[in-house]
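Following: one structure in structure tokens, then a few remarks.
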Amino acid sequence: MSTTLHSFMDIFGTTVDDNGEEIVLDKIVIPIIQRDYAQGRRDPDIDRVRSRFLDALYRAVTESPVTLDFVYGDIDENGVMTPLDGQQRLTTLFLLHWYAARRSGIPDGECEFLRGFGYETRYSARYFCEELVGFTPTFTFVLSEEIVDQAWFPLDWLKDPTIASMLVMLDAIDEKFRDVDDLWERLKGGAITFYFLPIRDMGLTDELYIKMNSRGKPLTRFEHFKAELERCIHAADAEVSERVMRKVDRDWTDLLWQYRDSGTGGANDLITDDEFLHYFQFVCDVLCYREGKSPQGRSSDEFDLLDTYFAGDRERVLGNVTTLESYFDCWCHIDGHKSPTAFLESCMAHEPEAGKIVLDGPAKVDIFEDCLHSYSDRSGRRRQFPLNRMVLLYAVTCHLLHQGEIVWDDYVRRLRVVNNLIQNSEDAISDRIERNRMPAILAQVDAIMLTGSFDDSLDPSFNANQIEEEKVKQAFLEEHPEKAPLVFALEDHPLLKGQIAIVGIDNVDYADRFASLFACD
């Protein structure tokens with residue numbers, strides 16, 4: 001059997017050559033064992049999938065043609081094809097072509113092929129498809145309401161999940177395509193195609209249908225996301241796609257597994273889907289800032305993020321995939337530490353400790369876990385992860401990406417500098433569209449964490465006064481390294497929080513007196 005490219009219009013009448021025997025595909029019938037049509041279900045995740053699929057079809061008929069995935073199934077001696085894979089896509093294409101034919105007033109003879117598509121999941125679905133093909137709406141009312149109002153539509157059909165789903169999809173199609181005047185001609189011209197693989201004599205049992213179609217078990221939002229991620233990366237490089245998706249399923253799942261308890265007490269506590277997507281959004285925000293832009297005012301839906309950063313120009317996509325891969329990989333194996341939590345607890349604390357920075361307020365020491373659980377809520381809004389936390393996580397990640405090149409003492413010292421800047425730059429750390437300092441701030445963090453120096457060409461970034469103070473302290477400690485404990489003790493005082501100008505670098509010997517002066521209630 002050979003794979004051929006077809007549109008929904010021309011697949012009917014296709015001649016299939018099976019070992020010298022020619023069979024004409026006359027009908028497509030969804031068998032009773034198949035699950036119900038799902039793309040029109042009322043569910044937030046399905047709404048997202050439906051919207052994205054219709055967007056892709058709309059672009060196909062208004063911009064450039066699209067080729068969908070494989071459709072394949074068994075063809076019997078009567079030319080009836082029962083799809084093994086492709087039911088959902090074929091059903092949506094059936095509804096779209098019916099809509100286009102009726103909207104454009106196409107003669108019945110030209111759209112007779114629509115009668116070759118049918119459903120056997122329930123008698124009601126079968127009869128609905130037959131009646132729909134012969135019906136011409138006025139398009140002056142909500143399409144689904146006009147259909148339900150017909151004498152041939154028994155109200156108990158609304159209980160059929162396939163019919164209910166089709167009605168929702170028809171309304172969505174009407175809303176999306178009502179402004180496309182030449183929709184039928186675009187479809188006739190091959191704007192939407194798919195690869196068709198006919199299969200005969202497979203002995204397709206009910207068991208095989210159930211296994212292949214996961215009857216009764218719809219894909220989760222994250223499974224749809226993974227499929228889309230794989231598709232995007234595969235379009236740029238098949239080998240890279242295989243490597244990354246293997247890590248998604250193994251290495252990165254192992255990394256996130258210990259953080260799977262989000263504290264909600266629900267089913268999501270047993271999977272790592274939300275944790276992955278929260279960190280994915282963090283990486284996408286980093287990509288946005290590195291391009292000199294702000295994510296504010298943009299969609300943070302994970303599928304839109306895929307379109308923005310992992311589709312299009314091949315070199316840009318591969319560069320972003322490299323960033324995504326390295327940002328996950330760097331947490332999987334940390335030199336000298338068994339886990340990200342152990343690593344972070346070795347360099348951060350809430351109270352002054354030698355070799356650690358002091359975090360302000362009740363913020364979690366495990367900033368990685370904090371990101372995984374609270375970077376954004378379901379709508380994509382940042383919830384309990386403000387920009388200052390993002391900058392600190394970025395600094396730590398920057399070190400992990402280069403951990404083999406930076407000795408531990410230098411890392412902790414540089415992280416202290418970044419923490420001082422963060423605590424004293426509350427007004428400066430902003431990503432408002434009219435005042436977006438984040439690109440410069442992240443670039444300054446790169447300079448500090450990788451070289452220990454400041455990039456004076458980056459202006460404005462952090463609070464300018466604090467940058468100057470850090471430079472003064474840096475020069476002082478290079479000349480007087482033995483004074484470091486005194487300087488750090490002043491920086492860690494809860495009243496100073498990294499800014500010691502009120503005492504002065506020349507007076508660090510009075511650090512103990514300053515502390516005793518305020519050691520009261």
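Based solely on C-alpha atoms, express the radius of gyration and the Dmax of region 297-399 in angstrom.
Both quantities, over Cα of region 297-399: 15.9, 49 Å.
For region 366-521, go through all pairs of different Cα atoms, get the mean of 1/r, take its inverse, and jot down that Kirkwood value in Å.
Values: mean 1/r = 0.0595 Å⁻¹.
So the Kirkwood estimate lands at 16.8 Å.
How big is the equivalent ellipsoid of region 25-126 along its three axes, where each semi-axis is √(5λ) from the Cα gyration tensor, reported in whole Å from largest to smallest?
Sorted largest first and rounded, they come to 22, 19, 14 Å.
Please state the relative contact order of the chain as a whole percent: Cα pairs under 8 Å, 6+ residues apart? Mind showing how you got there, number by number?
On the way: 651 pairs, mean separation 62.7, N = 521.
After rounding, I find 12 percent.
May I have the convex hull volume per residue, in Å³, for the Cα set of region 223-453?
Numbers: hull volume 30.2 nm³, N = 231.
With only Cα atoms used, region 223-453 gives 131 Å³ per residue.
So how strong a dipole does region 47-142 carry about its Cα centre when Lys and Arg Cβ are +1 and Asp and Glu Cβ are -1, to the nearest 20 debye? Don't jump to the answer; show the numbers that get you there.
Values: 10 positive and 14 negative charges, 106 e Å.
With Lys and Arg at +1 and Asp and Glu at -1, about 500 debye.
Counting only other residues whose beta carbon sits under 11 Å from that of Pro137, what net charge do I get with K and R as +1, D and E as -1?
Numbers: positive: Arg102, Arg103; negative: Glu145, Glu146, Asp149, Asp174.
Taking every Cβ under 11 Å from that of Pro137, the sum is -2.
With a length cut of 18 Å (Cα positions projected on each helix's long axis) and a Kyte-Doolittle mean of at least 1.0, go through the chain and give me the DSSP H helices that pass.
On the way: long enough: 44-62 (27 Å, -0.32); 87-104 (25 Å, -0.36); 161-177 (24 Å, 0.79); 221-236 (23 Å, -0.50); 273-290 (26 Å, 0.09); 314-332 (27 Å, -0.21); 387-401 (21 Å, 1.36); 408-423 (22 Å, -0.53); 438-451 (19 Å, 1.48); 464-479 (23 Å, -1.06).
Correct list, ordered by number: 387-401, 438-451.
Check Gly73: other-chain or 5+ apart residues with amide H under 5 Å from its amide H, H built from backbone geometry?
Leu84, Leu197, Ile199
Give the relative contact order (percent, whole number) for region 223-453; include only Cα pairs under 8 Å separated by 6+ residues. Could the numbers behind the result be given before it?
Numbers: 256 pairs, mean separation 44.4, N = 231.
So the answer I get is 19 percent.
Run the helix sum for the chain: -39,500 (n - 2.57) per DSSP H stretch of 4+ residues, divided by residue count, reported at 222 nm to the nearest 500 deg cm²/dmol.
-15000 deg cm²/dmol
How big is the Kirkwood radius of the chain, worked out from every pair of different alpha carbons and given in Å to one decimal?
After inverting the mean inverse Cα-Cα distance, the result is 27.1 Å.
Can you work out ³J(HN,Hα) from phi for every residue in region 353-364, in order, using Karplus 6.51 cos²θ - 1.76 cosθ + 1.60 and θ = phi - 60°, giving whole Hz and x for Gly and Pro?
Residue by residue, region 353-364 yields 9, 4, x, 10, 8, 9, 7, 7, x, x, 4, 5 Hz.
Under 5 Å between amide H atoms, partner at least 5 residues away or on a different chain: which partners does Ile28 have, H built in plane at 1.01 Å?
For Ile28, whose amide H was placed from the backbone, the distant partners under 5 Å are Met81, Phe117, Gly118.
How do the peptides 420-427, 446-453 rank, highest first, by the average count of neighbouring beta carbon atoms within 10 Å per residue?
Numbers: 420-427: 20.5, 446-453: 16.8.
By packing density, highest mean first, the sequence is 420-427, 446-453.
Let's see if you can work this out: charge +1 on each Lys and Arg Cβ, -1 on each Asp and Glu Cβ, no other charges. What is the dipole magnitude of the chain about its Cα centre, in debye to the nearest 20? Could you put the intermediate results ahead of the total?
Working: 55 positive and 94 negative charges, 128 e Å.
Dipole about the Cα centre, nearest 20: 620 debye.
Provide the per-residue ³J(HN,Hα) series for region 178-183, in order, calculated from phi with Karplus coefficients 6.51, -1.76, 1.60 and θ = phi - 60°, each as a whole number of Hz, with x at glycine and proline positions.
So the J values, rounded to whole Hz, are 5, 8, 8, 5, 9, 4.
Nearest 20 debye, what's the magnitude of the dipole of region 451-495 about its Cα centre given +1 on Lys and Arg Cβ and -1 on Asp and Glu Cβ? Before the final figure, lay out each step's value.
Details: 3 positive and 11 negative charges, 26 e Å.
Here the size comes out at about 120 debye.
With the radius of gyration and the Kirkwood radius both derived from the Cα set of region 4-216, what is their ratio Rg to Rh?
Values: Rg = 16.7 Å, Rh = 17.7 Å.
Taking Rg over the Kirkwood Rh, I get 0.94.
If I take every Cα pair under 8 Å that is 6 or more residues apart in region 4-216, average their sequence separation and divide by the length, what percent do I get for the relative contact order?
Details: 303 pairs, mean separation 79.6, N = 213.
With pairs under 8 Å counted, the relative contact order is 37 percent.
Of Lys27/Lys226; Lys364/Lys473; Lys247/Lys356; Lys338/Lys483; Lys293/Lys483; Lys247/Lys364, which ones are farther than 30 Å apart at the Cα? Don't skip to the answer; put the middle values down first.
On the way: Lys27/Lys226 33 Å; Lys364/Lys473 28 Å; Lys247/Lys356 32 Å; Lys338/Lys483 33 Å; Lys293/Lys483 41 Å; Lys247/Lys364 27 Å.
Beyond 30 Å between Cα atoms: Lys27/Lys226; Lys247/Lys356; Lys338/Lys483; Lys293/Lys483.
No lab work stands behind these numbers, since they all come straight from the coordinates. Source: prediction; values computed, not measured. Backbone-built Cβ (ideal geometry, glycine too); neighbour counts: all protein chains shown.
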